[in-house]
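Below is one structure, written out as structure tokens; the observations come after it.
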Amino acid sequence: MGGLAELYEVIHRRRDVRGEFTGAPIEPEVLRRVLAAAHAAPSVGLSQPWDFVVVRDVATRGAFREHVSEQRRAFAETLNAQKAEVFERIKIEGILEATLGVVVTYDPARGAPAVLGRHTIADAGLYSVCLAIQNLWLAATAEGLGVGWVSFYTEAFLAELLGLPSGIRPVAWLCLGPVSYLEPTPDLERHGWRVRRPLEMAVHEGRWGVH
């Protein structure tokens, strides 16, 4: 049961990290293990439609952070006064505090046109990329690293910043690095943005609405 218990412990300990990065280096073999775990994810039609852009350059990260700050301000302007007050207290990124960034991309043309399993669900490839991200996140947590998913950006800006080829979508900028600790409660819950639903509300038996 030791390994099984450790697996569940990592799943529940994982957090979306913002302010706890130390900036300490990541050993190359640790980074490779984390990326290998992401690359081991299942994918529709074995298409493996992901790539991982490791971003260390401070200038690139600074440019991305400024763009994210602009998007944060734009989102804040859409909120009512109560939500805006709560949002003001929430840190949404650790782009410069983290050791590095990993941008996970999606190539819908990989394996096309006959991607086995994508015939009726076009987004199955995108789901595969999300599985790779989850693998990376859990592996990083097990290694004592933190991960923060930054989503306050426009795809066009990030694609141009990183020189992505046409058709390649940036799905996630992941801040990655050692952390001082992991919060026991997710940030959005701690700050009162939302409350998590109990499992019982999410499980339906046979048909929607049957609990």
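The values are calculated or read from the model by the stated rules, or taken from the named source; none is laboratory data. Since this is a predicted model, take the numbers as computed values, not measurements. Don't worry about glycine lacking a Cβ; one is built from the backbone with ideal geometry, like all the others, and counts go over all protein chains shown. SASA here: full protein model, heavy atoms, side chains in, ligands and nucleic acids out. Shrake-Rupley method; radii C 1.70, N 1.55, O 1.52, S 1.80 Å.
Go through segment 46-102 and count every residue that is of a type in the set (A, V, I, L, M, F, W, C) and either closer than 28 Å to residue 31 by Cβ or in contact with a Lys or Arg (Cβ under 6 Å, 6 or more places away or on another chain) (or both).
Filtering segment 46-102 down to residues of a type in the set (A, V, I, L, M, F, W, C) leaves 46, 50, 52-55, 58-59, 63-64, 68, 74-76, 79, 81, 84, 86-87, 90, 92, 95-96, 98, 100, 102.
Still in the running and either closer than 28 Å to residue 31 by Cβ or in contact with a Lys or Arg (Cβ under 6 Å, 6 or more places away or on another chain) (or both): 46, 50, 52-55, 58-59, 63-64, 68, 92, 95-96, 98, 100, 102.
Selection size over segment 46-102: 17.
Among the residues of segment 42-56, those identified as surrounded by 12 or more Cβ atoms within 10 Å (Cβ to Cβ) and in a loop (DSSP other than H, G, I, E, B) are 43, 47, 48, 49.
Residues in segment 19-41 that are modelled with pLDDT of 95 or more, open to solvent by less than 80 Å² (accessible area, probe 1.4 Å) and of a type outside the set (A, V, I, L, M, F, W, C): 3 in all.
On the stretch given as segment 57-70, residues that are touching a residue at least 40 places away in the same chain (Cβ under 8 Å) and either over 17 Å from the mean Cα position of the chain (by Cα) or over 18 Å from residue 104 (Cβ atoms) (or both) total 3. Screening residue 79 against (1) more than 21 Å from the chain's Cα centre (by Cα); (2) within 17 Å of residue 158 (Cβ to Cβ) leaves a single unmet condition, (2).
Scanning segment 63-81 for residues that are within 22 Å of residue 23 (Cβ to Cβ), surrounded by 12 or more Cβ atoms within 10 Å (Cβ to Cβ) and not basic (Lys, Arg) gives 63, 64, 67, 68, 69.
In this structure, does residue 154 turn out to be polar (S, T, N, Q) and either touching a strand residue (DSSP E or B) at 6+ places or on another chain (Cβ under 7 Å) or surrounded by 12 or more Cβ atoms within 10 Å (Cβ to Cβ) (or both)? Give the derivation first.
Values: polar (S, T, N, Q): yes; either touching a strand residue (DSSP E or B) at 6+ places or on another chain (Cβ under 7 Å) or surrounded by 12 or more Cβ atoms within 10 Å (Cβ to Cβ) (or both): yes.
Judged against the criteria, residue 154 is a match.
Taken as a whole, the condition of being aliphatic (A, V, I, L, M), modelled with pLDDT of 95 or more, open to solvent by less than 50 Å² (accessible area, probe 1.4 Å) and assigned to a helix (DSSP H, G or I) does not apply to residue 174. With respect to the stated conditions, residue 89 is touching a residue at least 40 places away in the same chain (Cβ under 8 Å), open to solvent by 80 Å² or more (accessible area, probe 1.4 Å) and over 17 Å from residue 169 (Cα atoms). One residue stands out among those in segment 8-18 that are open to solvent by 20 Å² or more (accessible area, probe 1.4 Å) and part of a loop (DSSP other than H, G, I, E, B): the one that is farthest from residue 95 (Cα to Cα), which is 14. Every listed requirement among (1) of a type in the set (A, V, I, L, M); (2) open to solvent by 30 Å² or more (accessible area, probe 1.4 Å); (3) over 20 Å from residue 35 (Cα atoms) is met by residue 159 save one, (2).
Among the candidates 183, 155, which residue alone is acidic (Asp, Glu) and touching a residue at least 24 places away in the same chain (Cβ under 8 Å)?
Details: 155 fails: touching a residue at least 24 places away in the same chain (Cβ under 8 Å).
Of 183, 155, the one residue that is acidic (Asp, Glu) and touching a residue at least 24 places away in the same chain (Cβ under 8 Å) is 183.
For segment 94-141, the set of residues classified as open to solvent by 70 Å² or more (accessible area, probe 1.4 Å) and part of a helix (DSSP H, G or I) consists of 127, 131, 134, listed by residue number.
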